[in-house]
Amino acid sequence: MKDVLKVAMPKGRIYKQALKLFREAGIPIPGDFDDTRKLIIEQPEANMEFIMAKPVDVPTYVEYGVADIGIVGKDVLMEEDKDVYELLDLQIAKCRMSVIGLPDWKPTIHPRVATKYPNVASAYFRERGQQVEVIKLNGSIELAPLIGLADRIVDMVETGQTLRENGLVEMESIFGITSRLIANRVSYRMKNDSIQSLCDRLQETIAAKV
Ligand SMILES: Nc1ncnc2c1ncn2[C@@H]1O[C@H](COP(=O)(O)OP(=O)(O)OP(=O)(O)O)[C@@H](O)[C@H]1O
Ligand SMILES: O=P(O)(O)OC[C@H]1O[C@H](OP(=O)(O)OP(=O)(O)O)[C@H](O)[C@@H]1O
């Protein structure tokens, strides 16, 4: 019997898409898994244990090895800069990180940028030689330019609905985002067979969709 693989699963947007992908790859996950409030879910048929995590915390669980592998958005990986292996692009939860503002935006002497991603935003403006004050917010980022907290934001765009409904425009798309499979460095060596076989099954399933 192989060691159980501990998987950090993000609650929220990625969750249902990740479950669907796992099922398509033939990993046995029962239907009642979808709406549970349990935080640790043993899945003996798959030889896995799922740890239900807040998305931003997934790389932390994996870096510390309390989860062997995890699923997380590229946005979080770039912001958090954790010491983990990035194994696979799962091609789910697609969106993009963009600079956003009001349509009549003009450069100001002390520009302020609001975002959930201060490290990503700071690096972006630094690389362009632009001095900006970055203000960290935790949600409803689009409010910032509407109420005068910041003149631009760096945030996620998926359908564009939030921008349209709030009269904002996408000024530049910085990079595309999908969810990634990540692994703890030690687990990747110690549980290589299980992790590699999961990767292969997922990879085949993803390739069949393209
Ligand atoms: N429209 C979108 N807006 C934001 N993130 C999206 C979107 N579409 C896909 N994603 C991806 O889904 C991931 C998780 O987003 P989700 O909203 O579930 O969690 P969160 O932003 O951490 O929210 P919460 O604070 O509610 O836990 C993001 O990190 C990103 O990779
Ligand atoms: O282009 P769209 O399809 O409209 O999606 C983009 C929106 O979705 C996310 O917000 P979320 O719903 O996660 O809420 P938040 O304000 O709590 O971040 C993101 O921050 C945008 O506001």
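Annotations for the structure displayed:
- Restricting attention to the stretch 131-152, the residues being touching a helix residue (DSSP H, G or I) at 6+ places or on another chain (Cβ under 9 Å) and more than 9 Å from ligand 2 (Cβ to nearest atom) number 9.
One line per residue, one yes/no per condition, for (1) at positive phi; (2) open to solvent by 60 Å² or more (accessible area, probe 1.4 Å); (3) not in a strand (DSSP E or B):
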site: Val134; (1), (2), (3): no, no, no
site: Asn138; (1), (2), (3): no, yes, yes
site: Ala144; (1), (2), (3): no, no, yes
site: Gly148; (1), (2), (3): yes, no, yes
site: Ile153; (1), (2), (3): no, no, no
site: Met156; (1), (2), (3): no, no, no
site: Glu170; (1), (2), (3): no, yes, no
site: Arg189; (1), (2), (3): no, yes, yes
site: Asp193; (1), (2), (3): no, yes, yes
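- Pick from the stretch 40-77, criterion within 16 Å of ligand 2 (Cβ to nearest atom) and touching a residue at least 60 places away in the same chain (Cβ under 8 Å), ranking: farthest from Met156 (Cα to Cα): Val58
- Residue in the stretch 107-116 that is within 30 Å of Lys209 (Cβ to Cβ), open to solvent by 20 Å² or more (accessible area, probe 1.4 Å) and assigned to a loop (DSSP other than H, G, I, E, B) present: yes
- The stretch 134-152 residues that are closer than 15 Å to Gly167 by Cα, paired with ones that are among the β-branched types (Val, Ile, Thr) and part of a loop (DSSP other than H, G, I, E, B) (beta carbon under 7 Å, 6 or more apart): Asp151/Thr108
- For the stretch 138-147, the condition holds for at least one residue, the condition being that it is touching a Ser or Thr at 6+ places or on another chain (Cβ under 8 Å), of a type in the set (A, V, I, L, M, F, W, C) and within 11 Å of ligand 1 (Cβ to nearest atom).
- Lone unmet requirement of (1) open to solvent by less than 10 Å² (accessible area, probe 1.4 Å); (2) touching an Asp or Glu at 6+ places or on another chain (Cβ under 6 Å) for Ala8: (2)
- Scanning the stretch 49-98 for residues that are away from ligand 1 (no atom under 12 Å from the Cβ), in contact with a Gly (Cβ under 8 Å, 6 or more places away or on another chain) and open to solvent by 60 Å² or more (accessible area, probe 1.4 Å) yields a count of 1.
The values are calculated or read from the model by the stated rules, or taken from the named source; none is laboratory data. Small disclaimer: the values here were computed from a predicted structure and weren't measured. Methodologically, a virtual Cβ is constructed for each residue, glycine included, from the backbone with ideal geometry; neighbour enumeration extends over all protein chains shown. Heavy atoms of the whole protein, side chains included, go into the accessibility calculation; ligands, DNA and RNA do not. Shrake-Rupley method; radii C 1.70, N 1.55, O 1.52, S 1.80 Å.
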